[in-house]
Amino acid sequence: MTQSRRKQILQLLSERILLMDGAMGTSIQSYKLQEDDFRGTRFQDHDHPLQGNNDIVSLTRPEIIEEIHRQFLRAGADIIETNTFNSTAISQSDYHTESVVYELNKRSAELAKAAAEDFTKRTPEKPRFVAGALGPTNKTCSLSPDVNNPGFRAVTFAQLVETYSEQLKGLIDGGVDLILVETVFDTLNAKAALFAINRMRDATKQEIPVIISGTITDQSGRTLSGQTPEAFWISVSHAQQLVALGFNCALGAAQLLPHVKEIARVLPVPVIVYPNAGLPNEFGEYDQTPEQFARELEDFVSQGLVNIIGGCCGTTPHHIEALNELVNQYPPRIHPQPKPGLHLSGLEPLTLSALSNFTNIGERTNVTGSRRFAKLIREEDFEGALAIAQNQVDGGAQILDINLDEGLLDSKAMMIKLINLMAADPEIARLPFMVDSSKWEVLEAGLQCLQGKGIVNSISLKEGEENFLEQAKTIRDYGAAVVVMAFDEGGQADTTERKISICERAYKLLTERIHFPPEDIIFDPNILTVATGIDEHNNYAINFIEATRWIKENLPGAKVSGGISNISFSFRGNDVVREAMHAAFLYHAIRAGLDMGIVNAGQLAVYEDIPKDLLEKVEAVLFNKHKNATEELVAFAESVKELTPEQKQQNKLEWRELPVEKRLEHALVKGITDF
Ligand code: THG
């Protein structure tokens, strides 16, 4: 690929709507090829039937593929796709042809490139481009093919990266101008493709422009793996050199319109749409005429929603010709500026902007943070473990922190197992996940299971700059945000000055050396335990709050988080005092700019509700107001009673006081069958 391709394409996209070609698969079908055609002479003695292996036609009947490309170019296509939708070892294994994958891709790229160059030569004012097509493969990385075993996966992220890398090499060696990651029905598969592309770009120092196109397969308006269009976009928004994102295939143009509208509203890059020619009839054929197809797509172009249009299954050169008239009539979509803030996703999007309230991260899915959770995990009671996750969600958690670091556990295997199970539960999987471990291999294993955009918790300068930057870069390739602890070669920062200087240094390294997006950096200036009886600990709360204030004022875009319950470890066993400490600490830290915190969701007290006498003693400790503050709170704590079991039960049943519709809604949503 030459250096200027991406700029050239972006320039054209700002001037006019570009046209993609139509369907390769259904075009090949129209030749009614027989087994012998697929085999050619080369695969005469192959040990497996080859009929239906459309991609192999590039090797055995290349003149057909070339003719199809030329027909679409003649119809006006600016971009044509290589005949490589299934040219991965994973998909080709169906035909026992894994060994020719590199060749398939290279040859298909060459065929398309030769045709495109021929047309470019004739009309240099209308340059033609070749998009190397990466299909989704026939396996899903974030869904189980076995309904009885939701944690099972037929393919791993690493396997997909390997298979896509092989395909990419062939496509790039064959001369494609860009890569099209298409018909994405499982975002984790697409993330593996993007990972492979990034690594290829780093290794070859080549420019590799990318287009990503998802597909929506049913009326729910979600991808097969359950994401909303915006969550899908956020999950792949780390793609480098992205020239467009959109949707193809599936339900046809009319049904796609609302979803394209949803995404066009927010997408800060060009939008691509290439639907099927309507819905297939009972024979699996597509009946929509070029005129009908063009009429449906006119809704997209006349509303200024798109920058690239084309066709998927069932579209012929005539369909593309009909679109060619449209693209000359209407101007391209003008995309909005990126929305500022930290964008995360599970099945649904979560944005933390300057206007957002404090964001709760559920702490209980942590083997060191909950004895109950630890016991369930040790006993492999995953249903019970998921119930704890659900409970955090019900308690208002917007992100879940997942930590399985315990000496006797295989933390890596458990992380994979648990995230895969959580991903299969739509109520839990709505949320972005925070993968929490002190071991890099556990963090990486977790990242390989996240189809959404999650958070790594955490990295630090503990082992020096090179290690830190290497990990940060890898996290970026996985498309996650990162928690950076205020920890360096000299240990954990406890003074305000050390917290500030470490965070400033980390920020500079990340943003200047590897261009890590500042909005994806979350600093954790260490919430350390107060009231321990050791004098040096008395300023820990103040130091955290002051460091938070400084970070928010001086490191633009960065967010601040912390483990709130750490502050009160000295009062283990006394939840009334602990909850008051958390509420008071949060009240002040949020005013200083704290964006998010790891909390026991559902057990956060309201600052205004803390009894005044308790609050006064708690704040005296937090702000180190006098030297007897700790002693006085300890003494007071003895007198503060726990909530009685009756009071706790009462809290749990408060929803029973709601009006009947609300009660029904609550029971349905939570799956409560009592009452
Ligand atoms: N920063 C970052 N990550 C973190 C922390 C942090 N992850 C872990 C921890 N700190 C935050 N999570 C918790 C979870 C639970 C508790 C404290 C912090 C907790 N648990 C009860 C206890 O230990 O007394 C357990 C009670 C029970 O067993 O039910 O307090 O600072 N980036």
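The values are calculated or read from the model by the stated rules, or taken from the named source; none is laboratory data. Quantities reported herein were computed from a predicted structural model and do not represent experimental measurements. Every residue, glycine among them, receives a Cβ derived from its backbone with ideal geometry; neighbour counts consider all protein chains shown. Each accessible area value is taken on the protein alone, full model and side chains, heavy atoms only, with ligands, DNA and RNA left out. Shrake-Rupley method; radii C 1.70, N 1.55, O 1.52, S 1.80 Å.
Yes or no, residue by residue, for (1) within 17 Å of the chain's Cα centre (by Cα); (2) surrounded by fewer than 21 Cβ atoms within 10 Å (Cβ to Cβ); (3) not aromatic (Phe, Trp, Tyr):
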| position | (1), (2), (3) |
| --- | --- |
| ALA322 | no, no, yes |
| HIS335 | no, yes, yes |
| PRO338 | yes, yes, yes |
| PRO349 | yes, no, yes |
| ALA354 | no, yes, yes |
Of the conditions (1) aliphatic (A, V, I, L, M); (2) within 16 Å of ASP477 (Cβ to Cβ); (3) surrounded by fewer than 21 Cβ atoms within 10 Å (Cβ to Cβ), LEU188 satisfies every one except a single condition; which number is it?
(3)
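Condition test on GLN448, is it open to solvent by 20 Å² or more (accessible area, probe 1.4 Å), away from the ligand (no atom under 16 Å from the Cβ) and touching a residue at least 24 places away in the same chain (Cβ under 8 Å)? Give the derivation first.
On the way: open to solvent by 20 Å² or more (accessible area, probe 1.4 Å): yes; away from the ligand (no atom under 16 Å from the Cβ): yes; touching a residue at least 24 places away in the same chain (Cβ under 8 Å): yes.
Taking the combined requirement at face value, the residue satisfies it.
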In region 557-601, anything polar (S, T, N, Q) and within 9 Å of the ligand (Cβ to nearest atom) is listed as SER561, SER565, ASN566, SER568, ASN600
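For VAL456, are the conditions met, namely being more than 18 Å from LEU555 (Cβ to Cβ) and not in a helix (DSSP H, G or I)?
Numbers: more than 18 Å from LEU555 (Cβ to Cβ): yes; not in a helix (DSSP H, G or I): yes.
Judged against the criteria, VAL456 is a match.
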Which residues, taken from region 348-368, are under 16 Å from ALA429 (Cα atoms), more than 10 Å from the ligand (Cβ to nearest atom) and among the aliphatic types (A, V, I, L, M)?
LEU350
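Answer yes if at least one residue in region 537-546 is assigned to a loop (DSSP other than H, G, I, E, B) and either within 13 Å of the ligand (Cβ to nearest atom) or under 20 Å from SER458 (Cα atoms) (or both), and no otherwise.
Keep residues of region 537-546 that are assigned to a loop (DSSP other than H, G, I, E, B), which gives none.
No, that holds for no residue.
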Restricting region 250-308 to residues that are surrounded by fewer than 18 Cβ atoms within 10 Å (Cβ to Cβ) and hydrophobic (A, V, I, L, M, F, W, C), the one farthest from SER14 (Cα to Cα) turns out to be PHE283
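Kindly indicate which of ASP520, ASP535 is of a type in the set (Asp, Glu) and in contact with a strand residue (DSSP E or B) (Cβ under 9 Å, 6 or more places away or on another chain).
Numbers: ASP535 fails: in contact with a strand residue (DSSP E or B) (Cβ under 9 Å, 6 or more places away or on another chain).
Just one listed residue meets the conditions, ASP520.
Taking the stated definitions as given, is GLU608 more than 10 Å from the ligand (Cβ to nearest atom), more than 22 Å from ARG364 (Cβ to Cβ) and open to solvent by 20 Å² or more (accessible area, probe 1.4 Å)? Quick ask: steps written out before the conclusion?
On the way: more than 10 Å from the ligand (Cβ to nearest atom): yes; more than 22 Å from ARG364 (Cβ to Cβ): yes; open to solvent by 20 Å² or more (accessible area, probe 1.4 Å): yes.
For GLU608, the condition - more than 10 Å from the ligand (Cβ to nearest atom), more than 22 Å from ARG364 (Cβ to Cβ) and open to solvent by 20 Å² or more (accessible area, probe 1.4 Å) - is met.
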Restricting the first residue to region 32-49 and requiring it to be of a type in the set (Val, Ile, Thr), which pairs with a second residue that is in a loop (DSSP other than H, G, I, E, B) and surrounded by 10 or more Cβ atoms within 10 Å (Cβ to Cβ) meet a Cβ separation below 9 Å and a spacing of at least six or different chains?
none
What number of residues within region 391-443 are open to solvent by 30 Å² or more (accessible area, probe 1.4 Å) and part of a helix (DSSP H, G or I)?
11
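Have a look at GLU182, GLU166, GLU207, GLU162 and point out the one that is surrounded by fewer than 22 Cβ atoms within 10 Å (Cβ to Cβ) and either touching a strand residue (DSSP E or B) at 6+ places or on another chain (Cβ under 7 Å) or assigned to a loop (DSSP other than H, G, I, E, B) (or both).
Working: GLU182 fails: surrounded by fewer than 22 Cβ atoms within 10 Å (Cβ to Cβ); GLU166 fails: either touching a strand residue (DSSP E or B) at 6+ places or on another chain (Cβ under 7 Å) or assigned to a loop (DSSP other than H, G, I, E, B) (or both); GLU162 fails: either touching a strand residue (DSSP E or B) at 6+ places or on another chain (Cβ under 7 Å) or assigned to a loop (DSSP other than H, G, I, E, B) (or both).
Exactly one residue qualifies, and that residue is GLU207.
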Quickly run through region 550-570 and pick out the residues that are among the small types (Gly, Ala, Ser), open to solvent by less than 10 Å² (accessible area, probe 1.4 Å) and part of a loop (DSSP other than H, G, I, E, B).
ALA558, SER561, GLY562
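Quick one: is PHE468 within 16 Å of the ligand (Cβ to nearest atom), assigned to a helix (DSSP H, G or I) and under 23 Å from the mean Cα position of the chain (by Cα)?
On the way: within 16 Å of the ligand (Cβ to nearest atom): yes; assigned to a helix (DSSP H, G or I): yes; under 23 Å from the mean Cα position of the chain (by Cα): yes.
Yes, satisfied.
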Of all residues in region 369-390 being within 11 Å of the ligand (Cβ to nearest atom) and not hydrophobic (A, V, I, L, M, F, W, C), which is least open to solvent (accessible area, probe 1.4 Å)?
SER370
Among the candidates ASP410, ASP405, which residue alone is without any contact (Cβ under 8 Å) to a residue 60 or more places away in the chain, within 12 Å of the ligand (Cβ to nearest atom) and not aliphatic (A, V, I, L, M)?
ASP405
Against the conditions (1) surrounded by fewer than 18 Cβ atoms within 10 Å (Cβ to Cβ); (2) under 19 Å from SER91 (Cα atoms); (3) of a type in the set (A, V, I, L, M, F, W, C), where does VAL155 fall short? Just the number, please.
(1)
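Check whether at least one residue in region 78-91 is in contact (Cβ under 8 Å) with a residue 24 or more places away in the chain and in contact with a Cys (Cβ under 8 Å, 6 or more places away or on another chain), and report yes or no.
Initially, region 78-91 is screened for residues in contact (Cβ under 8 Å) with a residue 24 or more places away in the chain, giving 78-91.
This time we only want the ones that are in contact with a Cys (Cβ under 8 Å, 6 or more places away or on another chain), so: none.
No, every residue in region 78-91 fails to be in contact (Cβ under 8 Å) with a residue 24 or more places away in the chain and in contact with a Cys (Cβ under 8 Å, 6 or more places away or on another chain).
What are the residues in region 112-124 that are open to solvent by 10 Å² or more (accessible area, probe 1.4 Å), part of a helix (DSSP H, G or I) and without any contact (Cβ under 8 Å) to a residue 60 or more places away in the chain, if any? Spell out the reasoning first.
First, the residues of region 112-124 that are open to solvent by 10 Å² or more (accessible area, probe 1.4 Å): 113-114, 117-124.
Next, only the ones that are part of a helix (DSSP H, G or I) stay: 113-114, 117-122.
Residues satisfying the conditions are ALA114, GLU117, ASP118, PHE119, THR120, LYS121, ARG122.
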If THR644 satisfies all but one of (1) more than 16 Å from the ligand (Cβ to nearest atom); (2) of a type outside the set (Phe, Trp, Tyr); (3) modelled with pLDDT of 95 or more, what's the number of the condition it fails?
(3)
Could you tell me whether region 478-497 includes any residue that is at pLDDT 95 or above, surrounded by 19 or more Cβ atoms within 10 Å (Cβ to Cβ) and on the phi > 0 side of the Ramachandran plot?
yes
Quick check, is SER501 within 14 Å of the ligand (Cβ to nearest atom), hydroxyl-bearing (Ser, Thr, Tyr) and outside any loop (DSSP other than H, G, I, E, B)?
no
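Which residue out of ALA531, ALA472 is surrounded by 24 or more Cβ atoms within 10 Å (Cβ to Cβ) and of a type outside the set (Val, Ile, Thr)? Break it down stepwise before answering.
Details: ALA472 fails: surrounded by 24 or more Cβ atoms within 10 Å (Cβ to Cβ).
Only one candidate qualifies: ALA531.
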